[in-house]
Protein chains: 2
Amino acid sequence: MSERAPASAGGLLVSGCDVLRVPPEGECEILRAQDIVVADGLIEDVRPTGTAGAKGGAGTREVIDGRGLLAVPGLVNAHTHSAMVLMRGAAEDVTVEGWFNDRVWPMESNLTPADVRTGARLACAEMIRSGVTTFADHYFFPDQIAEAVAETGLRADIAPTYFSSRGREALEATVEFAERWHGGAEGRVTVSLGPHAPYTVDDEDLRTLSEHARRLGLRMHIHAAEHLEQTRSSLERRGLTPVRVLYETGVLEAGALIAHGCGIVEQDLPLLAEYAGTTAVACCPKVYLKHALSPLTPVRELLGAGVTVAVGTDGAAGHNTLDVWEALRLVALTQKQAVRDATWMTVSDTLRLALRGGARALGLQDRIGALEPGMRADIVLTDLTGLHCRPLHDPRAALVYSARASDVRTVVVDGRVLMRDGRLLTVDEPALLAEADARVARILDTSHGRAVQHYDP
Amino acid sequence: MSERAPASAGGLLVSGCDVLRVPPEGECEILRAQDIVVADGLIEDVRPTGTAGAKGGAGTREVIDGRGLLAVPGLVNAHTHSAMVLMRGAAEDVTVEGWFNDRVWPMESNLTPADVRTGARLACAEMIRSGVTTFADHYFFPDQIAEAVAETGLRADIAPTYFSSRGREALEATVEFAERWHGGAEGRVTVSLGPHAPYTVDDEDLRTLSEHARRLGLRMHIHAAEHLEQTRSSLERRGLTPVRVLYETGVLEAGALIAHGCGIVEQDLPLLAEYAGTTAVACCPKVYLKHALSPLTPVRELLGAGVTVAVGTDGAAGHNTLDVWEALRLVALTQKQAVRDATWMTVSDTLRLALRGGARALGLQDRIGALEPGMRADIVLTDLTGLHCRPLHDPRAALVYSARASDVRTVVVDGRVLMRDGRLLTVDEPALLAEADARVARILDTSHGRAVQHYDP
C-alpha cells in the first residue's frame, strides 16, 4: 500500500489555488487564484495563476492542481509527545495526579524503543493527515522519533525527555542525541534539550543542560508552571516561581519553549520579557479544560511582554488527537472567555499565533510559518467546499471555526508531497496500524506497579 | 445527483455492527457484533449478529453491512436556528450586542421564505452528514423548515420564533403553524411554541402562548437567562429573574426547553425543580466561549435539581457549524473546568447527556435517544478506524474526544437511509449549494439599517 513520494528534483508547481497570507500584523488575507512555484524545497514565487516569469523554470516540475483549494502554511504543533498516541483514550476522567501516577507514568514504564518507533510513526501519519507539517516533540527514545520524522518526511524539533532521577549518563545521552541529530534529515530535524520540568530536574542539571544548549546553539523545551498550584507549590517549597528557576538556571538565556505556562504569574513577566526574543509558550487548551485547570495560559499578558505564544496539542493521552485545528480553535474560544472580550483573539490573530507563532516557538521563523518566497515549501491544501463551511463568506473564519482536519487534502513539506488528495505517500497505513494494535495490551498493563517517575510537583 | 431513498417497506437490517448502549445510569457499554433489526421505522431487535429469531422477518429487508462500524443513537441538536447557516462566518469577533444589533438582526431582516427554505435544507444536509438525526429549531418562516424536514427525512421539533413587536396576528400565526404541523411528516415533525425570550416577549404574550401550549399539548422553546447580565438586568428592571418570569407566566408549567440558561441563579433552582420532569436546558458552549461569557450553563446544579440538560449548537452564525460532536465535546471540557473537577462529566455522562438528555429535552424520550427495541430507528454508523482514533482502546472515549463529524458514514432516521457510506440520498447537494451561494450577497447586505429587533435585554 505504501508508495514513495518522488523526489521532486525538478520542483513543484501548485497551480490555481487560493493562498492564505498571514502578515506579521493586521488582518490575514486570501489571495485568489495563485500559483505557488517551488524549487529545491523552497518557495520561489507566489503569483497570480498563469502569469509568466517563473525563475528557474528549467527541468520537469511536478504539478498539483490547486483549483478550488486554499493553500495555508503547514500547521505547527508546538508541544506534543508523539508516541503517546499509543495511550489515546486510556486515561479519561481522572485528576491530574491520577493521570500521571495511576495511568500515564506507569504505562510509559512499559515503552520500548520499538514501541516509540511505532507510536512516533503513527503520530506523524496522523499529523500529516491533519495538515501539521512541523511538531515540537518531547519524549523518550528520541532516535526512534527522529527516524520516524526522517522516514515520513515531516519537520520536527525533538527534545529528548530528561528526569534527574535518570542520572548523569542519561543527561549526557540527550546531549549526544542533539549532536547526532540537530540539522538531520536534510535539515528537517532540529533538536532542543528537554529537561522535563523544574519539579523533576534539579537546578544543577538545568544549569548543565543550559550550558550545553548555549554551547551547541540549541534551544530548550521544558514543562514549567503548568498550572497555578505548581507555581504555589514551588513558591512554598523554595521561594521561587518555576519561571524564576528557569531564569536563574540559564534556561531562559539559552532560549526556551515553555509548555503550558498556565501558572505564569505577574512577577514572571519581567523575567520572560528580558529574553522575549527567544522565549515562547505553547498553549494546549484542550488538556487544561480536560484536567479542570483554571486559569489558562495568560496569552494576553505574554504577548504584551513580547513573548511568543504558539499552539500545541500536548500528547494524545491527554488531548486524544494531534489535531492543531482543534487546538487553535480552542485557543481562540478559551482566550476570548478568559479575558471576557469577544473582540480579542480575532480570527487573524489566532491564525497568526498558530502559524507565525508556531514557527517562532521552534526558532524556525526564517524557514516556515508563511507561504512567501524564500520560505521552505511546507504547504497544506485545504478543501473548504464541505457543507460545514458553506456558504463560504470568509475562508479565514472557516479555518478557525468550521474547518476539520478531514478537510486537508494535500500536504507538502520541503517541497515533497507527503499526502496527495487524501492518500499518504510516505506511510504504509494498514501495516502501521496493525503494528500499533499489536503493542497495545502490553503497554496498557500497569499491574507491575512501576512508573517512570512520581508526580508531586 | 439526487437519489431517492427507498421506502424500506420490507424493513432494514444493519448487520454485524458494534452498538453503543447508553443506560439511564452508569457506564455506557459497547455491544460487539450485533444485528439491528428494523421494521416499520422501529427497532425491533438488537441481537448478536447471525443469531436466529427475527420476528417479522417476512418481506425483503434492506441490508446495511455494519461490520467495522459503531452504531450510535442519532445525535440530537437540542437548540439551533437552522437557516442561520446562511450567515456562517459573517459575524466574527464582535460583542454580544454587536452580534445582534450590527450583524445578525439586520441580516435577518433580509430573509425571505425562500431563503429560509434553502437555509433549512442546507442545515438539514449538514446535520445528516454529521450524524444529527433530530434537531430543535427556533426560527422564522417555520413552514419552510417543516417542509425541509419532511423532504430530507430528518426529525425535528420546530418552534416558530415570536417577538411581541410582531403583534397579535403573528402570535396567532405561530399557533396555527403548530396546529398544522404538530405530528406531521409521518410523525417526525413536532412543534413547540417559540416566544423568543422574556426580554422580547411581554408577560401577556407569554401567558397566552403558555395557555395555547397546554391546550394543544405542546411544549415551549424559549431563550432565557442567556447570561448573567441578562438575569441582573431583569432583576433591576422588574425584580424578577428570567426564570421566575417563565414560572409566573405558565411557561414552565407548559413544559419548557430553555436555551442557554448561563444566567440561571440559585433562586431559580426550586422553580425549575417544581417542573423538573418537563423542563430542559440546552447547553451550547461554543457560542458562550466565543461571546466571552462566564459563567456557563450551571449543568451540575440543574442535573442536581432533576432538570434535563441537553446539547445544542445554537445557530451557525455563532457556532459556525451544526456539529453536535463538537458541541458535546465542549460540554465535557468546559463543564469539567467550570466545576474544577476532572472526574466529573465523564465520557459516559457526556454521551448520556447528549443522547438521552437530547431526547428528553424535546419530549421524545419514548421514541429516540437509545438503540433499543421499541425505539424509532434513528441510527448513525460511525467509523472509528481513522488514525485520529487509533489505537482504539475505548470507543466511548473516542466518540467524546477524538471522533469527527466526518467519521459518520451512514445515517438512518425512522428506518429510512438518509446517508449511505457518505452519500446523501435525500439532498441534491450541488444544486442546494448553488442555490445558497446565489442568495448570500443580498442576505449579508445591512446597508438598509433595518433589523428584526433591537437587542437591549
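Which value, in square angstrom to the nearest 100, describes the accessible area buried between chains B and A on both sides, using a 1.4 angstrom probe?
About 4900 Å² of accessible surface is lost on pairing.
With n ≥ 4 as the cut-off for DSSP H runs, can you work out [θ] at 222 nm for the protein assembly as shown, using -39500 (n - 2.57) per run divided by the number of residues, rounded to the nearest 500?
-9500 deg cm²/dmol
Using only the Cα atoms of chain A, each taken as one equal point scatterer with no solvent, compute I(q) by the Debye sum, divide by I(0), and report log10 of the ratio at q = 0.08 Å⁻¹.
Computed log10 I(q)/I(0) values: -0.43.
Specify the angular offset, from 0 to 90 degrees and rounded to the nearest 10, of the alpha carbon long axis of helix B:429-444 from the longest principal axis of the alpha carbons in chain B.
Approximately 10 degrees, to the nearest ten.
Report relative contact order for chain A in percent, whole number only (criteria: Cα-Cα under 8 Å, sequence separation at least 6).
In percent, rounded to a whole number, it is 24.
Cα axis of helix B:203-216 to longest principal axis of chain B: angle in degrees, 0 to 90, nearest 10?
Approximately 30 degrees, to the nearest 10.
Can you compute 3J(HN,Hα) from phi for each residue in the stretch A:258-264, using the Karplus curve 6.51 cos²θ - 1.76 cosθ + 1.60 with θ = phi - 60°, rounded to whole Hz and x for Gly and Pro?
Result, ordered by residue: 9, 7, 5, x, 5, x, 6 Hz.
Setting aside same-chain residues fewer than 8 positions from A:Lys286, which aspartates and glutamates have a Cα under 15 Å from its Cα?
A:Glu92, A:Asp93, A:Glu226, A:Asp314, A:Asp323, A:Glu326, B:Glu326, B:Asp341
Hey, what do the phi angles of the stretch B:145-154 turn into as Karplus ³J(HN,Hα) couplings, whole Hz, using 6.51/-1.76/1.60 and θ = phi - 60°, x for Gly and Pro?
5, 4, 5, 5, 5, 4, 6, 7, x, 6
Tell me, which residues of the stretch A:388-408 get at least 50 Å² less accessible area when the other protein chains come in, versus the chain alone (1.4 Å probe)?
Output list: A:Arg390, A:Pro391, A:His393, A:Tyr401, A:Arg404.
Do any residues of the stretch A:324-340 lose at least 20 Å² of accessible area when the full set of protein chains is present rather than just their chain alone, and if so which, with a 1.4 Å probe?
Checking the loss per residue gives A:Glu326, A:Arg329, A:Leu330, A:Leu333, A:Lys336, A:Gln337, A:Arg340.
How big is the gap, in Å, between the Cα center of the stretch A:64-128 and the Cα center of the stretch A:385-457?
Between the Cα centres of the stretch A:64-128 and the stretch A:385-457 lies a distance of 8 Å.
Lys and Arg at +1, Asp and Glu at -1: add these up for the other residues within a Cβ distance under 10 Å of A:His138 and post the number.
So the environment of A:His138 carries a net charge of -3.
Taking H placed 1.01 Å from N in the peptide plane, check which residues at least 5 places from B:Ala33 or on another chain put their amide H under 5 Å from its amide H.
Result for B:Ala33 returns B:Asp18, B:Val19.
Kirkwood Rh and Cα-based Rg: tell me the resulting Rg over Rh for the stretch A:209-278, rounded to two decimals.
0.97
So what does A:Trp181 come to for accessible area, using a 1.4 Å probe and Å² rounded to 10?
40
Report the rotationally averaged projected area of the stretch A:154-221 based on its alpha-carbon convex hull, in square nanometres.
Quarter of the Cα hull surface area: 4.2 nm².
Which of A:Ala114, A:Val14, A:Asn77 sits farthest toward the positive end of the charge dipole of the stretch A:9-129, with +1 on the Cβ of Lys and Arg and -1 on the Cβ of Asp and Glu?
A:Val14
Kindly state, as a whole number, the per residue volume in cubic angstrom of the convex hull around the alpha carbon atoms of the stretch B:306-413.
Taking the convex hull of the Cα positions in the stretch B:306-413, it is 133 Å³ per residue.
Between helix B:324-338 and chain B, what is the angle of the helix's C-alpha long axis to the longest principal axis, kept within 0 to 90° and rounded to the nearest 10?
Helix B:324-338 sits at roughly 60 degrees to that axis.
Between A:Arg450 and A:Glu169, how many nm apart are label points set 7 Å from Cα along the C-beta direction?
Here the modelled spin labels are 1.5 nm apart.
Every other copy gets compared here: list the nm distances from the B:Ala114 label point (7 Å along Cα to Cβ) to its counterparts, shortest first, one decimal.
6.7
With all protein chains present, calculate the accessible area of A:Tyr247 using a 1.4 Å probe and round the result to the nearest 10 Å².
Accessible surface of A:Tyr247 is approximately 70 Å².
Rounded to whole Hz and in sequence order, give me ³J(HN,Hα) for the stretch B:291-301 from the Karplus expression 6.51 cos²θ - 1.76 cosθ + 1.60, θ = phi - 60°, writing x for Gly and Pro.
Values, residue by residue: 8, 6, 8, 7, x, 8, 3, x, 4, 4, 5 Hz.
How far apart are the A:His448 label points across copies, placing each 7 Å from Cα toward Cβ, in nm, shortest first?
Inter-copy label distances (nm, one decimal, shortest first): 7.2.
Can you list, largest first and rounded to whole Å, the semi-axes you get for the protein assembly as shown by taking the square root of 5 times each eigenvalue of its Cα gyration tensor?
45, 30, 29
Can you tell me the accessible area per residue over the protein assembly as shown, all protein chains present, probe 1.4 angstrom, in square angstrom?
32
List the residues of the stretch B:428-442 whose accessible area drops by at least 30 Å² when all protein chains are present, compared with their chain alone, using a 1.4 Å probe and counting only protein heavy atoms.
The answer is B:Leu433, B:Asp437.
Carbon and sulfur atoms: what percent of the 1.4 Å accessible area of the stretch A:77-132 do they account for?
Roughly 49 percent, rounded to a whole number.
Which Cβ of chain B lies nearest the axis of the rotation superposing B onto A, and at what whole-Å distance?
Taking the axis that maps B onto A, the answer comes out as B:Ser406, 2.
How much of the accessible area of the stretch B:150-213, in percent, comes from carbon and sulfur atoms when a 1.4 Å probe is used?
Answer for the stretch B:150-213 is 44 percent, counting heavy atoms of protein chains only.
I'd like the carbon and sulfur percentage of the solvent accessible area for the stretch A:323-366, probe radius 1.4 Å, heavy atoms only, ligands and nucleic acids excluded.
Heavy-atom surface of the stretch A:323-366 belonging to carbon and sulfur, 1.4 Å probe: 40 percent.
For a quick check: with amide H placed at 1.01 Å from N, whose amide H comes under 5 Å from B:Thr321's, ignoring anything fewer than 5 positions away on the same chain?
none
Taking every pair of Cα atoms in the stretch B:102-179, average 1/r, invert it to obtain the Kirkwood radius, and report Rg/Rh to two decimals.
0.99
The values are calculated or read from the model by the stated rules, or taken from the named source; none is laboratory data. Computed from a predicted model, the values in this text were never measured in an experiment. Don't worry about glycine lacking a Cβ; one is built from the backbone with ideal geometry, like all the others, and counts go over all protein chains shown. Please note that ligands, DNA and RNA were not included when accessible areas were found on the heavy atoms of the full protein model with its side chains. Shrake-Rupley method; radii C 1.70, N 1.55, O 1.52, S 1.80 Å.
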